[in-house]
Amino acid sequence: EKEAKKEAFRKYLESSGVLDALTKGLVALYEQNDKPSSAIEFVQQKLRGSTVSEYEKLQAELSDLQIRYDELFMAHQDKCRELEELKKSHTAGTSRETIDDESPKDDEASIQTNFT
């Protein structure tokens with residue numbers, strides 16, 4: 001009966017992820033070149049991970065950054081539209097100048113032809 005309880009407890013620890021977490025903490029300690037003065041504190045720190053308040057703080061920061069990203073993205077799109085409009089107006093202006101430049105020459109040629 002005692003062995004069955006031990007086995008059930010071991011299965012419980014395994015299924016809840018405790019064994020995996022402990023193993024990762026111990027492996028991280030093993031892989032440390034400079035061993036910490038307090039092994040238990042090191043493992044506790046590895047097990048603890050982020051606290052709820054740290055998680056909430058990171059979520060708030062992520063939300064703020066997403067808002068800032070969206071604002072910058074919209075500003076970028078506006079600038080791209082402005083640039084395209086400037087390109088179009090410049091192209092249209094260049095076309096008009098070309099037409100205007102050609103028109104007087106045609107007029108001059110017809111005037112000279114009429115006088116000769």
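What number comes out for the charge environment of Lys24, summing +1 per Lys or Arg and -1 per Asp or Glu over other residues with Cβ under 12 Å away? Spell out each step's value before the answer.
Working: positive: Lys46; negative: Asp20, Glu31.
Net charge around Lys24: -1.
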#### Entry: Neighbourhood net charge (13 Å Cβ-Cβ; Lys/Arg +1, Asp/Glu -1) for Lys46
-1
### Task
Please say if segment 1-66 is rounded, prolate or oblate, where rounded means a/c under 1.5 for a ≥ b ≥ c the square roots of the C-alpha gyration tensor eigenvalues, and otherwise the choice is prolate for a/b larger than b/c and oblate otherwise?
oblate
### Anchor Lys88: lysines whose Cα lies under 24 Å away (excluding residues fewer than 8 positions away in-chain)
Lys79
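Using a 1.4 Å probe on the protein heavy atoms, what percent of the accessible area of segment 1-89 belongs to carbon and sulfur?
Details: 4630 of 8120 Å².
It is 57 percent, rounded to a whole number.
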### Message
Going Cα to Cα from Lys46, which lysines come in below 18 Å? Please leave out same-chain ones fewer than 8 positions away.
### Response
Lys24, Lys35
### Query
For segment 29-36, in order, what is each residue's ³J(HN,Hα) by Karplus, 6.51 cos²θ - 1.76 cosθ + 1.60 with θ = phi - 60°, in whole Hz (x at glycine and Pro)?
5, 4, 7, 5, 5, 9, 5, x
### Task
Would you mind counting up the charge near Arg81? Only other residues with Cβ under 14 Å from its Cβ, with Lys and Arg at +1 and Asp and Glu at -1.
-1
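The values are calculated or read from the model by the stated rules, or taken from the named source; none is laboratory data. Keep in mind that what you see is a predicted model, and the values were worked out from it rather than measured. Quick reminder, even Gly has a Cβ in these numbers, built from the backbone with ideal geometry, and neighbours come from all protein chains shown. For the accessible areas, the whole protein counts, side chains as well, though only heavy atoms, and no ligand, DNA or RNA atoms are used. Shrake-Rupley method; radii C 1.70, N 1.55, O 1.52, S 1.80 Å.
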